[in-house]
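The values are calculated or read from the model by the stated rules, or taken from the named source; none is laboratory data. Note that the structure is predicted; figures quoted are calculated from it, not measured. For neighbour counting, all protein chains shown are included, and Cβ atoms are generated from backbone atoms with ideal geometry for every residue, glycine included. Only protein heavy atoms, including side chains, enter the accessible area calculation; ligands, DNA and RNA are left aside. Shrake-Rupley method; radii C 1.70, N 1.55, O 1.52, S 1.80 Å.
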Amino acid sequence: MIPSEEHKNFFKKEGYLVVKNIVPQEKIDMLYRSMVAVFQKYHPHEQEDFLRGVSWENTHFHQRMAEFRKQDPRVFSALYDSMQTTVALWNFVTDPILAGIAAALMDEDIAGLTTTDALLRMDASGDTRNKLAWHQDSAHFRQNAKGAHGVVCAVTLRDLTADLGPLEIVPRSHTLGTIAIEGSVKDEERYNSLYSQQYAIPEEDIKGFERESLIASRGDAYFINFDLVHCSGANTSGMFRFTVICRYHKMLANDFVPGRLIYYPTKKS
């Protein structure tokens, strides 16, 4: 799938683009099977068949995950960390269709991209510990100095309703450029923190801009400019919101900072 000129112009003007039904169901199912397998590693006596029905929709699985997170948050975080390096996740985010769309939106060939920070977000209902305030990804990820040289891709794994807390965005806010903000957690500590790093942008910086909720369906992908201001929606559903996120960067640009992916064993388990 190659974005049309109309789509590319919309992305440049608004700072985001939603592509409907772009991720095949088999990739979504594969990731769910990995999640269930890791859950059962920590609960070997669990008898429930979580694989029946549509993946990511099993109500009892969501309930058991919520109990696990509440009863033993540090072991739950070991499950979370395990999922971030699964073959299922990296198979998902290195999909040439998603990468090709990101490349086209940055007027780059796919051979000139690098990808970092693949993530399966698990946003629990009522969570405040890891809910992100208004922020730009360019503050968190500094592979390029220019926000326009990076694209965030996010895919919802189940149909989003308002109570699940869809992504909140500020269209056209990427025109502000990268806003200098100090982080809430020291960089050397953030890999072992139970709290997400925050680079919260003050409300006054986005005063006058409209806000929008990105309601999406299972398998939809949305692409956003690294400088677009956005935040996590409030999940009040009683269920988890699962989202795959990946960052693409213009590797051949003069402002690109090369780096290596390093596996950090965590102290949480």
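Using the heavy atoms of the protein chains alone and a 1.4 angstrom probe, what is the accessible area of the chain per residue in square angstrom?
Values: 13190 Å² over 269 residues.
Accessible area per residue, the chain: 49 Å².
With the cut-off at 27 Å, report for the stretch 14-149 the share of all Cα pairs above it, as a whole percent. Kindly include the intermediate steps, with their values, before the conclusion.
Working: 2961 of 9180 pairs.
Of all Cα-Cα distances in the stretch 14-149, 32 percent exceed 27 Å.
Less than 29 Å apart at the alpha-carbon level, and either on another chain or at least 8 residues along: which lysines does that give for residue 20?
8, 12, 131, 146, 250
State, as an integer percentage, the relative contact order of the chain based on alpha-carbon contacts under 8 Å between residues 6 or more apart.
Details: 492 pairs, mean separation 87.0, N = 269.
Here the relative contact order equals 32 percent.
Based on the Cβ-Cβ distance from residue 116 to residue 52, what FRET efficiency comes out when R0 is 22 Å, to the nearest 0.05? List each step's numbers first, then the result.
On the way: r = 35 Å, r/R0 = 1.61.
After rounding, the FRET efficiency stands at 0.05.
For the stretch 1-92, what is the Kirkwood estimate of the hydrodynamic radius, computed as the reciprocal of the mean inverse distance between distinct Cα atoms, to one decimal in Å?
Working: mean 1/r = 0.0640 Å⁻¹.
Answer for the stretch 1-92: a Kirkwood hydrodynamic radius of 15.6 Å.
I want the local charge near residue 52. Using Cβ-Cβ distances under 15 Å, sum +1 for each Lys or Arg and -1 for each Asp or Glu among the other residues.
On the way: positive: 33, 64; negative: 29, 46, 48, 49, 57.
Summing Lys and Arg as +1 and Asp and Glu as -1 gives -3.
If packing is taken as the mean number of other Cβ atoms within 10 Å per residue, what is the order of 94-106, 43-55, highest first?
Numbers: 94-106: 19.5, 43-55: 11.9.
Ranking, from highest mean packing down: 94-106, 43-55.
In debye to the nearest 20, how big a dipole does the chain give about its Cα centre with +1 on each Lys and Arg Cβ and -1 on each Asp and Glu Cβ? Could the numbers behind the result be given before it?
On the way: 30 positive and 35 negative charges, 106 e Å.
That gives a dipole near 520 debye.
Using only Cα atoms, what is the ratio of the radius of gyration of the chain to 2.2 N^0.38 Å? Walk me through the numbers on the way to the answer.
Values: Rg = 18.1 Å, N = 269, 2.2 N^0.38 = 18.4 Å.
After normalising by residue count via 2.2 N^0.38 Å, the value is 0.98.
Which of the peptides 205-213, 119-127, 257-265 is most tightly packed, and how do the rest follow, judged by the mean count of other Cβ atoms within 10 Å per residue?
Details: 205-213: 12.1, 119-127: 17.9, 257-265: 7.7.
Listed from highest to lowest mean packing, they are 119-127, 205-213, 257-265.
What is the set of long-range amide H partners of residue 22 at a cut-off below 5 Å, with H atoms built 1.01 Å from backbone N?
Here the answer is 220, 221, since their amide H atoms fall under 5 Å of that of residue 22.
Rounded to a whole number, what % of the accessible area of the stretch 1-142 do carbon and sulfur atoms account for, probe 1.4 Å? List each step's numbers first, then the result.
Numbers: 3610 of 6800 Å².
That share works out to 53 percent.
Which ³J(HN,Hα) values, rounded to whole Hz and listed in residue order, are derived for the stretch 208-224 from phi using the Karplus coefficients 6.51, -1.76 and 1.60 in 6.51 cos²θ - 1.76 cosθ + 1.60 with θ = phi - 60°, glycine and proline given as x?
x, 8, 6, 10, 8, 9, 8, 6, 9, 10, 3, x, 6, 10, 10, 10, 10
Based solely on C-alpha atoms, express the radius of gyration and the Dmax of the stretch 75-154 in angstrom.
So, for the stretch 75-154, Rg and Dmax equal 14.6, 43 Å respectively.
If you stretched the chain out fully between residue 260 and residue 59, how much longer would it get, using 0.36 nm times the residue separation minus the C-alpha to C-alpha distance? Mind showing how you got there, number by number?
Working: separation 201, 0.36 × 201 = 72.36 nm, distance 3.87 nm.
Taking residue 260 through residue 59 to full extension adds about 68.5 nm, to one decimal.
From the phi angles alone, apply the Karplus equation (6.51, -1.76, 1.60; θ = phi - 60°) to the stretch 80-88 and give each ³J(HN,Hα) in whole Hz, x where the residue is Gly or Pro.
So the J values, rounded to whole Hz, are 4, 5, 4, 5, 6, 10, 6, 4, 4.
Explain nothing, just compute: Karplus ³J(HN,Hα) = 6.51 cos²θ - 1.76 cosθ + 1.60, θ = phi - 60°, for every residue of the stretch 32-40 in order, whole Hz, x for Gly and Pro.
Computed from phi, the couplings for the stretch 32-40 are 5, 4, 5, 4, 4, 5, 5, 4, 5 Hz.
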